[in-house]
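Note sheet for the following structure.
The values are calculated or read from the model by the stated rules, or taken from the named source; none is laboratory data. None of the values given here were measured: they were computed from a predicted structure. Cβ atoms come from the backbone with ideal geometry, glycine included; neighbour counts cover every protein chain shown. Ligands, DNA and RNA are stripped out before the accessible areas are found, and what is left, the full protein with its side chains, is counted by its heavy atoms. Shrake-Rupley method; radii C 1.70, N 1.55, O 1.52, S 1.80 Å.
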Amino acid sequence: MDKTLIPLVALLIPIVGTIGVFTMIVFLRKYENDEKMAMIAKGITPPQKFSHQINPSHSLRWGFVLVGFGVGLLMGSLLEKVTEIDDEVAHFSMIFIFGGLGLLASYFYQMNVDKKNNIKNND
């Protein structure tokens with residue numbers, strides 16, 4: 001390959017990629033709109049993409065996981081300073097351990113809340 005052609009190809013790759021992604025998004029939106037219009041013409045209500053309701057259990061789960069990650073980072077830093085463990089091993093192990101503990105805590109908390117709600121709903 002000619003050496004003057006290599007910089008030209010390297011310049012064209014991101015340009016063509018960007019144009020391709022933009023074109024794909026435009027056509028996907030167009031065909032999605034056409035599909036919805038055909039459903040409306042037949043009298044079918046098109047399904048809604050997103051519900052605008054926030055599920056509190058998801059927020060609770062993410063809260064517990066992120067707190068677990070934060071505590072894991074803190075404990076990993078402490079473990080690195082106190083022992084001779086590599087910093088990557090200390091940080092990642094503590095992040096995964098405390099992130100998992102955060103998921104478990106959110107699961108048990110949600111089970112407890114669901115149990116209380118079922119008892120109140122049955123009365």
- Restrict the check to the stretch 68-87 and report whether at least one residue is in contact with a helix residue (DSSP H, G or I) (Cβ under 8 Å, 6 or more places away or on another chain), polar (S, T, N, Q) and over 30 Å from residue 111 (Cβ atoms). yes
- Query: Taking into account only those residues within the stretch 98-123 that are under 28 Å from the mean Cα position of the chain (by Cα) and hydrophobic (A, V, I, L, M, F, W, C), which is farthest from residue 58 (Cα to Cα)?
  - Reply: 98
- Query: Right, residue 43: at pLDDT 90 or above, open to solvent by less than 100 Å² (accessible area, probe 1.4 Å) and in a helix (DSSP H, G or I) or not?
  - Reply: no
- Test result for residue 70, part of a helix (DSSP H, G or I) and of a type in the set (Gly, Ala, Ser): yes
- What number of residues within the stretch 81-97 satisfy the criterion of being closer than 16 Å to residue 63 by Cα and open to solvent by 50 Å² or more (accessible area, probe 1.4 Å)? 2
- Task: Return yes or no: is residue 101 in contact (Cβ under 8 Å) with a residue 24 or more places away in the chain, open to solvent by 70 Å² or more (accessible area, probe 1.4 Å) and assigned to a helix (DSSP H, G or I)?
- Result: yes
